[in-house]
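The values are calculated or read from the model by the stated rules, or taken from the named source; none is laboratory data. The structure presented is a predicted model; accordingly, all values stated were derived computationally and were not measured. FYI the Cβ positions are ideal-geometry reconstructions off the backbone, even for glycines, and counts take in every protein chain you see.
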Amino acid sequence: MKSIYTTLFNVLFISILKSQSFWISFSQNQETIDASHLDPPYTAGANYANAIPLSTEANLVLSGIGENTPWCLYVQRMSAPPGQATLILFPDYSNLVPQQWDPNSPLQCPLEPFPNPCFSGIGPAEFLTINFLLENASLPTDWQLRTEEILWTVSSGGCPSGP
Amino acid sequence: MKFLVPLLLPLTLLGQRFHLEESTSFTIEYAPISLVRIGNNQLSVDCNNPLESGLGLLENPISITPQELFITKSKHSTKSLLISRNSQSLFNLVAEAQPGISNTGSFTPSGPINLNEISQILLTPSDGLSTGHLPGQGIPISLILHRGTNYGAYKASTQWLNIQYEFL
């Protein structure tokens, strides 16, 4: 009988531990770059601005972890889009209280073909917003439709210290 | 003791490391861009006095100060830049895009064009052309005034000529 209770207890406890959940939603699935993104905007002769803030934003929710559990969000590019422009991700710290993130958390992270630490969080995240910046777009190289496939990974423990 | 081991097992899981993954995708679309702008709307002509009496004022072609053209053309299509003029002009004009180095991309001039109401190819951009938008960065368009049919047009005054540039 004892072993039955113990097993039930363990199953219940482990099921609670497994209730950690993590999901990402996007404000929109498509971004259009047009003459308004020239520098100066709508000006004949101009090239794209060096840095173009995208209106698309990602919203991250992480739940089911302890209040003081440190974690790190990594981002990785899973596609090889055409063009020379690079995508930079910016966590929005303005909506967070200081207790929700490590002061050494990265301010920005380029999207690269390997996991890059992007946000060092503490405890559950109800609504972490990630903004995007398109850098170094140029008329001769950037004109084809590009699909950005991103692998988001949350691992326990904070992000590794930067250089 | 036997009972304690399985009971304490969940406590060891409190320090469990977790690893969660999520994949997303979104697209970035570059809309086609075709922009053209004239840098200087007013051009001038210096017309020397005839060397001998009896010679016409416009025996030889006269150069007009170049017009500067600024272009941004994305790489989506290879449409050419066409030029035409309105039918009301009192004089003949020949236009030619001068080769030069652009900020990005390149273009191929088509050579001298005798302007009329029919659109003709002035240049063909390629590779995503942006000339630069500051004065002096545009493509110089040389304009040559040929002998006209109405000498009344060649007095010291401002003449209006509607030149149209368009991508087609």
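At-a-glance table
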{"quantity": "Candidate set from segment A:134-144 (those that are touching a residue at least 12 places away in the same chain (Cβ under 8 Å) and either under 18 Å from A:Pro91 (Cα atoms) or in contact with an Asp or Glu (Cβ under 7 Å, 6 or more places away or on another chain) (or both)); member that is nearest to the other protein chains (Cβ to nearest Cβ)", "calculated": "A:Leu134"}
{"quantity": "Residue list for segment B:101-119, restricted to those being within 14 Å of another protein chain (Cβ to nearest Cβ) and more than 15 Å from B:Lys75 (Cα to Cα)", "calculated": "B:Ile101"}
{"quantity": "Unmet requirement for A:Leu8, which otherwise passes all of (1) at pLDDT 90 or above; (2) more than 9 Å from chain B (Cβ to nearest Cβ); (3) surrounded by fewer than 12 Cβ atoms within 10 Å (Cβ to Cβ)", "calculated": "(1)"}
{"quantity": "Some residue of segment A:23-33 being at the interface with another protein chain (Cβ under 8 Å from one of its Cβ atoms), among the hydrophobic types (A, V, I, L, M, F, W, C), in a strand (DSSP E or B) and within 26 Å of A:Pro160 (Cβ to Cβ)", "calculated": "yes"}
{"quantity": "Qualifying residue in segment B:144-160 (condition: under 20 Å from B:Arg37 (Cβ atoms), part of a loop (DSSP other than H, G, I, E, B) and at pLDDT below 95)", "calculated": "yes"}
{"quantity": "Residues that are surrounded by fewer than 20 Cβ atoms within 10 Å (Cβ to Cβ), part of a loop (DSSP other than H, G, I, E, B) and not polar (S, T, N, Q), drawn from segment B:71-113", "calculated": "B:His76, B:Lys79, B:Leu90, B:Phe91, B:Pro99, B:Gly100, B:Ile101, B:Gly111, B:Pro112"}
{"quantity": "Subset of segment A:65-86 that is at the interface with chain B (Cβ under 9 Å from one of its Cβ atoms) and outside any strand (DSSP E or B) - its residue that is surrounded by the most Cβ atoms within 10 Å (Cβ to Cβ)", "calculated": "A:Ile65"}
{"quantity": "Residue in segment A:87-106 that is modelled with pLDDT of 95 or more, in a strand (DSSP E or B) and farther than 17 Å from A:Ser25 by Cα present", "calculated": "yes"}
{"quantity": "Unique residue being crowded, with 19+ Cβ neighbours inside 10 Å and either out of contact with any strand residue (DSSP E or B) (no Cβ under 6 Å at 6 or more places or on another chain) or at pLDDT 95 or above (or both) when the list is A:Phe132, A:Phe114", "calculated": "A:Phe132"}
{"quantity": "Hits in segment A:142-157 - residues which are in a loop (DSSP other than H, G, I, E, B) and crowded, with 18+ Cβ neighbours inside 10 Å", "calculated": "A:Asp142, A:Trp143"}
